[in-house]
Amino acid sequence: MNYAKVVAVLLTIGALSACTVTPQKEQGMLANLVVPTPQVADGRFQLEVAKLTEVITRGEDELDAEAMGQLLYRRGSLYDALGLATLARIDFNRALDYQPRLADAYNYLGIHYTQVGQFDYAYEALDAALELEPEHPYAHLNRGVAGYYDGRFDLALADFERFYNADPDDPYRALWRYLAAVELDGAEQATQQLAAARLATNSDAWAWGIVDLYVGGMSEQEFLQSYATKQLGADETLAERMCEAYFYLGKLQQLQGKWETAAVYFRLALATNVHLFLEHRYAAIEMDASQARATQQAQRK
């Protein structure tokens, strides 16, 4: 990272809001796209689902409630990873019938209800997860995301703040806090806070490059050509990397009022088929919202 660039952004952040992008430049940004092979459903997950289904079917009258709850939860999490959301929700609800104190099942249900816009149910599920497990590693994030998509940005920011403070070296935590802060405090103040978070960390996690892009320490062309696809982890695929990259590029385009380009990026994030990632879960919502705004923009011309 070029720290000098980030420091300069901190000092001259107000200038960012004056930047405009012409349609020609917007089209040029899409010239550097990396389109990975979509992730294929893991065969091991499918085999495990088949085995679990056999055990669950045979053991309904023999297994105790705790065992059945755990088996149903595990199968639900596998369905979720395979993108079979309805089957996953059925299993999570059944798991809670057997084991009502299963915080992880409530957490998953909160995510699923957020994805379909049933925010009251999402809050109820995520509140239950936190009541059962106050230090749940992801329930604050997921409740914050529910608040964000429900337009309750003050509640979202409170959860994102807590989630960020638990691990300030995690760039995704800084990014979600930023997205909510923009809605409440405006771009200038939120970007200052994001740049300060960047300067405060010594982490070399690749996604801090997204933060560098957001605060003006890197161009989008540089990010796509020389950064986004580099140094993949040993257990990381290009589809996973680009799912994240394209989602946050789409959010950046939204913030700059470039709705048509944003919709393209969210569609690319969806095309990776990385169902487990938060960025894939919400890319469809973002794509639809961006397309709607692009249509409104075109009608006003």
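Asp120 versus (1) farther than 14 Å from Ser77 by Cβ; (2) of a type in the set (D, E, K, R); (3) buried (at least 21 other Cβ atoms within 10 Å of the Cβ): which is the lone unmet condition? Here Asp120 clears every test but (3).
Each residue in the range 210-235 was checked for being modelled with pLDDT of 95 or more and closer than 19 Å to Ala269 by Cα, and 4 of them qualify. Looking at the structure I just gave you, is Asp104 under 24 Å from Ala41 (Cβ atoms) and either among the acidic types (Asp, Glu) or buried (at least 17 other Cβ atoms within 10 Å of the Cβ) (or both)? In short, yes. Within the range 161-190, being basic (Lys, Arg) and either closer than 15 Å to Tyr214 by Cβ or in a loop (DSSP other than H, G, I, E, B) (or both) holds for Arg173, Arg177. Under the condition of being touching a helix residue (DSSP H, G or I) at 6+ places or on another chain (Cβ under 8 Å), under 21 Å from His275 (Cβ atoms) and not hydroxyl-bearing (Ser, Thr, Tyr), the residues counted in the range 103-120 number 9. Taking the range 191-301 as the region of interest, the helices (runs of 4 or more DSSP H) fully inside it that hold 2 or more residues being of a type in the set (D, E, K, R) and surrounded by fewer than 21 Cβ atoms within 10 Å (Cβ to Cβ) are 220-226, 259-271, 278-300.
In the range 142-161, the residues that are without any contact (Cβ under 8 Å) to a residue 60 or more places away in the chain and on the phi < 0 side of the Ramachandran plot form Cβ pairs under 6 Å with partners that are buried (at least 19 other Cβ atoms within 10 Å of the Cβ) and among the hydroxyl-bearing types (Ser, Thr, Tyr), at six or more places apart or across chains, as follows: Ala146/Thr114; Ala156/Tyr148. Against the numbered list (1) modelled with pLDDT under 95; (2) of a type outside the set (Gly, Ala, Ser); (3) under 19 Å from Leu278 (Cα atoms), Leu11 comes up short only at (3).
Does at least one position in the range 51-71 carry a residue that is modelled with pLDDT under 95, of a type in the set (Ser, Thr, Tyr) and not in a helix (DSSP H, G or I)? Looking through the range 51-71, none of the residues is modelled with pLDDT under 95, of a type in the set (Ser, Thr, Tyr) and not in a helix (DSSP H, G or I).
If we scan the range 168-188, do we find a residue that is farther than 30 Å from Leu102 by Cα and of a type in the set (Lys, Arg)? There is no residue in the range 168-188 that is farther than 30 Å from Leu102 by Cα and of a type in the set (Lys, Arg). Only one entry in Ala95, Ala129, Ala88, Ala158 is closer than 19 Å to Arg177 by Cβ and part of a helix (DSSP H, G or I), namely Ala158. For the range 99-116, a tally of residues being over 21 Å from Asn165 (Cβ atoms) and either in contact (Cβ under 8 Å) with a residue 60 or more places away in the chain or assigned to a helix (DSSP H, G or I) (or both) returns 10. Summed over the range 75-93, residues that are without any contact (Cβ under 8 Å) to a residue 24 or more places away in the chain and farther than 17 Å from Gly43 by Cβ total 7.
Residues are listed down the side, and each one gets a yes or a no for (1) of a type outside the set (A, V, I, L, M); (2) modelled with pLDDT under 95:
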| residue | (1), (2) |
| --- | --- |
| Gly151 | yes, no |
| Ala166 | no, no |
| Val182 | no, no |
| Ala190 | no, no |
| Asp204 | yes, yes |
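Mind checking which residues of the range 132-155 are small (Gly, Ala, Ser) and not in a helix (DSSP H, G or I)? Matches in the range 132-155: Gly151 only.
The values are calculated or read from the model by the stated rules, or taken from the named source; none is laboratory data. This is a predicted model, so every value here is computed, not measured. Glycine also receives a Cβ, built like all others from the backbone with ideal geometry; neighbour counts cover every protein chain displayed.
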